[in-house]
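Reading through the structure tokens given below for one structure.
The values are calculated or read from the model by the stated rules, or taken from the named source; none is laboratory data. Treat the numbers as computed from the prediction; the structure is a model and nothing was measured. Cβ coordinates were reconstructed from backbone atoms using ideal geometry, including for glycine residues, and neighbour counts include every protein chain displayed. Remember, those area values only see protein heavy atoms, side chains included, never the ligands or the DNA or RNA. Shrake-Rupley method; radii C 1.70, N 1.55, O 1.52, S 1.80 Å.
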Amino acid sequence: MGSDLSLSDEDFGFAFNNVNFSDRLLRIEITCAGGEVSCSSSTLDLVRDRKRRREDNSNKHEEALVIMSEQKPQSGCQDENEYSNCGLITNPSSIVRVRELHISSAILAAKSPFFYKLFSNGMLESEQKQMTLKIDASEETAVMELLNFMYSNSISVTAPSDLLDVIIVADKFEVASCMTHCSRLLLRTPMRFDTALRLLDLPPSLLMADSVKPLITAARQYVPSCYKAILKFVSLSSSSNFQSIDETCFHFRRLEDDMESFMALPLVGIEAILASTGLQVSSEDLLYELVLRWAKSHYSVLEERQEILGSHLSRYIRFPHMTCGKLKKILTSDDFSPSVASKLVIEALFFKAESLDQRSVLAREQPAPFNRRFAERAYIHRPVKIVEFEFPRHQCIVYLDLNREEFRSLFPLGWLSSQTFPLLGQGFSLTAHCNLDQLSGDYFFGVFLGMQDTASASLTVDYEFSVRSKPTEEFEKKFKGSYKFTRGKAVGCKNLLKISFTDLLIKDTPYFINDVLHLRADLTIRP
């Protein structure tokens, strides 16, 4: 009677290390990387540590384990040639122990192209009944689990770190079914921070394996989620002076610990955070300052830091969404080599000058992962375009665009603030509001101009708000005024469009062009 199961699907656990069902002897030499005497003790310490982490997991193959030492041959071993045959090794500084298993070449070949080629290559080794496999001591448990899986289709370890070890050796010995099995087990296990970092640090070939890709995706989502609090806190502080941020964190122990943890992240962790488009940060400027601080703490040598920023992190930093002031500082700093800095800044400025539609086209045309730096994050403060004039008067024109989803999110009493922009050396921002009129009970859309709390001087500003509208798609003036600003003060219009907010949501109004509301503020300093 036929069967739907192939040899690779059957459970041959009964035949594992059983001489009656085996045709070969596999000699596994567990070595210490580097082969130095001092390495032996560290390897044994590693093995002991791994055993402690596996306290709840039984080791089915402990009987076959032979501990090696630097003692002389026992009785019955007449010379050095017989030394290894007695279960002892002539070079204990590089081989710490040996395990011997009775194996079936057919079963191993059915599960692994590696073993299939080993047993069928026609060379002298493929005809020998005893074969030697050398592995590092750190791989021992994982290799034994892998061999057992090739017979029984099951894994005894459950700890995420142990399952990941098995995946790594399964890739090495080309056992795809084991990689898939362990990946599914890991996906059903709550993600841990150390596991996520190890996943992100896997070799490129393993990162691209189909069975591992869901794990990599989960890890890339998990690492940024661990730092939502600190990134949002840094953003809401609205300060580029990280000394003051540290002082504030002193009063919030958990946030201080998060900052310390962030600064201790390896490169793969920082890359995962920067790759996330969903980060809730106030602006790319502040995120860049935080990353730059991390780079300086990890790479004190300028050339190394420029290499890391230019070759690794620049593909994830959203330069097109930085302010022009920050881009100017990058161009004149030594954060990047001059050629890299010029390329990044020019690219960002050209992108800023394009229309929204053309920006989407440019982003799509860029190959992955470089197209990632053109995507906006979930910025707490919306990016703006600014045109500045110094003569004949200090003046700037600020453009703020809101898509329909952002506009809808303001209802019923929400607000959305722009990035800070400079005006005669002082910081200002635009804020879009949904306001409730107490008399009519209706909600209206309003725009306000505010001076930052960190401002150091008062300024009298003439302001004018405009909105682009159909059919001409030109900006129409909606409100203007003049106000003497001091820090923390704001002024504006509560009903800019003279239409209820609900009507703006449900009706085809002239103010949304391709589902985008285009706002403009003309600001002039009075002498």
Summing Lys, Arg as +1 and Asp, Glu as -1, what charge do residues with Cβ under 12 Å from the Cβ of Asp453 carry, Asp453 excluded? +2
Cα-based reach from Lys129 at 30 Å (exclusive), listing lysines while leaving out same-chain residues under 8 positions away: Lys60, Lys72, Lys111, Lys117, Lys172
Accessible-area order for Glu289, Glu303, largest to smallest, probe 1.4 angstrom, reads Glu303, Glu289
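Multiply the residue separation of Ala264 and Gln280 by 0.36 nm, subtract the distance between their alpha-carbon atoms, and state the gained length in nm to one decimal. Before the final figure, lay out the partial values.
Numbers: separation 16, 0.36 × 16 = 5.76 nm, distance 2.09 nm.
Computed gain between Ala264 and Gln280 is 3.7 nm.
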Counting only protein heavy atoms and rolling a 1.4 Å probe, one gets per residue an accessible area for the stretch 385-525 in Å² of 52
Measure up Lys213/Lys352; Lys385/Lys507; Lys343/Lys489 against 32 Å on the Cα-Cα distance and list the ones that go over. Lys213/Lys352; Lys343/Lys489
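Length gain on complete extension for the stretch Lys172 to Ser409, per 0.36 nm per residue less the alpha carbon to alpha carbon distance? List each step's numbers first, then the result.
Working: separation 237, 0.36 × 237 = 85.32 nm, distance 4.99 nm.
Extra length from Lys172 to Ser409 when fully extended: 80.3 nm.
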For Gln366 and Asn18 in the same chain, what is the full-extension length gain: residue separation times 0.36 nm, less their Cα-Cα distance, in nm? 119.6 nm
For Lys489, Lys329, Lys111, what's the largest-to-smallest order of accessible area, 1.4 Å probe? Lys329, Lys489, Lys111
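Hey, got the dipole for the stretch 385-525? About the Cα centre, +1 on K and R Cβ, -1 on D and E Cβ, debye to the nearest 20?
Values: 16 positive and 17 negative charges, 62 e Å.
Dipole size: approximately 300 debye.
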Shape call for the stretch 321-456, from the Cα gyration tensor axes a ≥ b ≥ c (a/c under 1.5 means rounded, otherwise prolate when a/b beats b/c, else oblate), comes out oblate
At 1.4 Å probe size, what's the solvent-accessible area of Asp508? Round to the nearest 10 Å². 140
Interchain or sequence-distant (5+) residues whose placed amide H lies within less than 5 Å of the amide H of Leu133 are Arg27, Ile28, Glu29
Could you tell me which of rounded, prolate or oblate describes the stretch 385-525, using a ≥ b ≥ c as the square roots of the eigenvalues of the alpha-carbon gyration tensor, with rounded for a/c under 1.5 and, failing that, prolate when a/b is larger than b/c and oblate otherwise? prolate
Could you tell me the accessible area of Cys324 in Å² (1.4 Å probe, neighbours in place), rounded to the nearest ten? 70
Expressed as a whole percentage, what fraction of the accessible surface of the stretch 119-225 belongs to carbon and sulfur atoms when a 1.4 Å probe is rolled over the protein heavy atoms? 55
